[in-house]
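Asker: Next up is a structure, given as C-alpha cells.
Here, each number is a calculation from the coordinates, and none is a lab measurement. Please read these numbers as outputs of a predicted model, since none were measured by experiment. A quick note on method: Cβ atoms are made from the backbone with ideal geometry, for glycine too, and the neighbour counts reach across all protein chains shown.
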Amino acid sequence: MTVRYIDRLNQHYRSEGFPPYSWSKYDDAPWTPLTKPLSECRVSMLTSGGVSCSWQAPFDADARNDLRLLEIPSDAPADGFVINDSYYDHADADQDINCVFPIERLRELEAEGVIGELAPRLYSGFMGRIYTRSAVVQEAAPAFAARLKEDRVNALILVPA
Amino acid sequence: MIASARDITESVKPPRAVFVDYPLGHQTGLPGNVESQRAILRSALDVFQNAREPGVIVDLPFRWHEDFDFRAAAPGSSGPGG
C-alpha cells in the first residue's frame, strides 16, 4: 500500500493549524508527441527539492510561495550542492545529490549517446508549499517554458520533491 | 516525471510519469548506488520515448528495503511553519 500523501498532508496541515491545501486536480494531461528519438533529444531537468549550488543563494527550508527558479549549470560538480527543504528527509541526498537530482547520471547518459545532449541549464525551483496557483499557471510556469524554448530543450525530466 | 507520491501524481496527471515507491528524497535512487540511479533514470527515459497517451503512470519495480510511512518533515526540523 503506497503512502497516501494527500490524506496525510491534509491531516498534518490541519493539526498544525494551517489553512487547507487545495490540491491541483486535472482530468487530462497535455500531450506533445515526441518527433525524434531520445538519442537526438536535448534534455533538461527540474527539481523542486530545495537544491542549490553552494555559490547560489540557498532556499528557505520552510518556504511558502517561493516561485524563484534557479539555473543549475549542467556541468556543476556533484559535490557542490546544498539542499534546504524541511518537507522531506534529504540526509541521503545531502550525501549524494543523484538521489533527487541525477545530474551525474545524466552526464553519463549523454556521453553514452542514450540522450542526444544535456541542456546547458538545469533547474531548481517551485519548492515548498505553493498556494498561489494563479501565479504559477499564469506567470512562473510560462516563464519557465520560455527558458526551455530558448535552450531548445526537447524533453524535461521533472523530479518533484 | 519521476515521482514518489503516487496519489498526488494521479491528481496532477503529468503527460508521462513513472512511480518509484521509495520514501521522499530518493525518487531517483539509492545514495552511492549508480546502478539504482541509472535503472530509474533509464526506465523514465524509456517511458518518455515509448508512451503513446498522456496521463499514464508506470509503476517501477524497485522496492525499498523496509516498510516506510509518511513523514511530515525532515528529521531534526520543526517542519513547515515551525
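Asker: Just to be sure I understand the model, the point goes 7 Å from the Cα along the line to the Cβ. What's the resulting A:Arg133 to A:Glu117 distance in nm?
Answerer: Inter-label distance under the simple model: 3.9 nm.
Asker: Using amide H atoms built 1.01 Å from N in the peptide plane, name the residues 5+ places from A:Glu117, or on other chains, whose amide H lies under 5 Å from its own.
Answerer: Those lying under 5 Å, H to H, from A:Glu117 are A:Cys41, A:Arg42, A:Val43.
Asker: HN-Hα J couplings of the range A:41-53 from phi, Karplus 6.51/-1.76/1.60, θ = phi - 60°, integer Hz, Gly and Pro as x?
Answerer: So the J values, rounded to whole Hz, are 8, 8, 10, 10, 8, 10, 10, 10, x, x, 8, 9, 7.
Asker: Where the centroid of each part is defined by its Cα atoms, how far is the range A:1-78 from the range A:90-123 in Å?
Answerer: 16 Å
Asker: Remind me, relative contact order of chain A in percent, using alpha carbon pairs under 8 angstrom and six or more residues apart?
Answerer: On the way: 238 pairs, mean separation 56.7, N = 161.
Relative CO of chain A lands at 35 percent.
Asker: Quick one, what does Rg over Rh come out to for chain B if you take C-alpha atoms and the Kirkwood Rh?
Answerer: Numbers: Rg = 14.1 Å, Rh = 13.9 Å.
Result: Rg/Rh = 1.01.
Asker: What percent does the relative contact order of the range B:2-59 come to when contacts are Cα pairs within less than 8 Å and at least six residues apart? Numbers along the way, then the final one.
Answerer: Working: 73 pairs, mean separation 25.4, N = 58.
With pairs under 8 Å counted, the relative contact order is 44 percent.
Asker: Let me ask something additional. Less than 14 Å apart at the alpha-carbon level, and either on another chain or at least 8 residues along: which aspartates and glutamates does that give for A:Lys36?
Answerer: A:Lys36 reaches A:Glu117, B:Asp46.
Asker: Quick one: 3J(HN,Hα) in Hz for the range A:79-96, Karplus 6.51/-1.76/1.60 with θ = phi - 60°, rounded, Gly and Pro as x.
Answerer: 9, x, 9, 10, 10, 10, 6, 7, 8, 8, 7, 10, 4, 6, 5, 4, 7, 9
Asker: What does the charge count around A:Tyr13 come to, taking other residues whose C-beta lies under 12 Å from its C-beta (Lys +1, Arg +1, Asp -1, Glu -1)?
Answerer: Values: positive: A:Arg8, A:Arg14, A:Arg64, A:Arg129; negative: A:Asp7, A:Glu16.
After counting each charged neighbour, the total is +2.
Asker: Residues of A:106-116, mean number of Cβ from any other protein chain within 10 Å of their own Cβ, rounded to a whole number? Before the final figure, lay out the partial values.
Answerer: Details: counts 4, 0, 4, 4, 0, 0, 0, 0, 5, 3, 0.
Across A:106-116, the average partner-chain Cβ count within 10 Å equals 2.
Asker: Which order do peptides A:114-124, A:67-77 fall in by mean Cβ count within 10 Å, highest first? Intermediate results must be reported in sequence, preceding the final value.
Answerer: On the way: A:114-124: 20.1, A:67-77: 16.1.
With the highest mean Cβ count within 10 Å placed first, the list reads A:114-124, A:67-77.
Asker: Something else: Computed from the mean reciprocal separation of all distinct C-alpha pairs, what Kirkwood hydrodynamic radius does the range A:74-161 have, in Å? Numbers along the way, then the final one.
Answerer: Values: mean 1/r = 0.0677 Å⁻¹.
One over the average 1/r among Cα pairs gives 14.8 Å for the range A:74-161.
Asker: Also, I was wondering about something else. In the range A:36-159, what % of DSSP beta bridges are antiparallel (nearest 5)? Provide the component values of the computation, followed by the final result.
Answerer: Working: 8 of 18 bridges.
Percent antiparallel among DSSP bridges in the range A:36-159 is about 45.
Asker: What is the sum of charges, Lys and Arg at +1 and Asp and Glu at -1, for the other residues whose Cβ falls under 15 Å from the Cβ of A:Ala135? Before the final figure, lay out the partial values.
Answerer: Working: positive: A:Arg64, A:Arg68, A:Arg129, A:Arg133; negative: A:Asp66, A:Glu139.
Overall, the nearby charge balance is +2.
Asker: If you don't mind, there's one more thing I want to ask. Separation between the A:Ala91 and B:Arg52 pseudo-spin-labels, each 7 Å from Cα along Cα→Cβ, expressed in nm?
Answerer: 4.5 nm
Asker: I want to verify the translational diffusion coefficient of the protein assembly as shown in µm²/s; compute it with Stokes-Einstein, Rh as the Kirkwood radius over Cα pairs, at 25 °C and 0.890 mPa s. Let's see the in-between values first.
Answerer: Working: Rh = 18.2 Å.
Reported coefficient: 135 µm²/s.
Asker: Based on the alpha-carbon gyration tensor of the range B:1-40, what equivalent-ellipsoid semi-axes (square roots of 5 times the eigenvalues) come out, in whole Å, largest first?
Answerer: Working: eigenvalues 86, 22, 6 Å².
So the three semi-axes of the range B:1-40 are 21, 10, 5 Å.
Asker: Pick from A:Lys25, A:Lys149, A:Lys36: which is most flexible by mean-square fluctuation in a GNM of chain A where alpha carbon atoms under 10 Å apart are linked?
Answerer: Looking only at A:Lys25, A:Lys149, A:Lys36, the largest GNM fluctuation is found for A:Lys25.
Asker: Name the shape class, rounded, prolate or oblate, that the alpha-carbon gyration tensor gives for the range A:1-47, where a ≥ b ≥ c are the square roots of its eigenvalues, rounded holds for a/c under 1.5, and otherwise prolate holds if a/b is larger than b/c and oblate otherwise.
Answerer: Since a/c reaches 1.5 and a/b is larger than b/c, the shape of the range A:1-47 is classed as prolate.
Asker: Which one, A:Asn98, A:Pro73, A:Leu158, projects farthest toward the positive side of the charge dipole computed for chain A from Cβ point charges (K/R +1, D/E -1)?
Answerer: Result: A:Leu158, furthest along the dipole toward the positive end.
Asker: Residue separation times 0.36 nm, minus the C-alpha to C-alpha distance between A:Asp75 and A:Trp31: what's the value? Intermediate values should be presented prior to the final figure.
Answerer: Working: separation 44, 0.36 × 44 = 15.84 nm, distance 2.99 nm.
Between A:Asp75 and A:Trp31, full extension yields 12.9 nm more.
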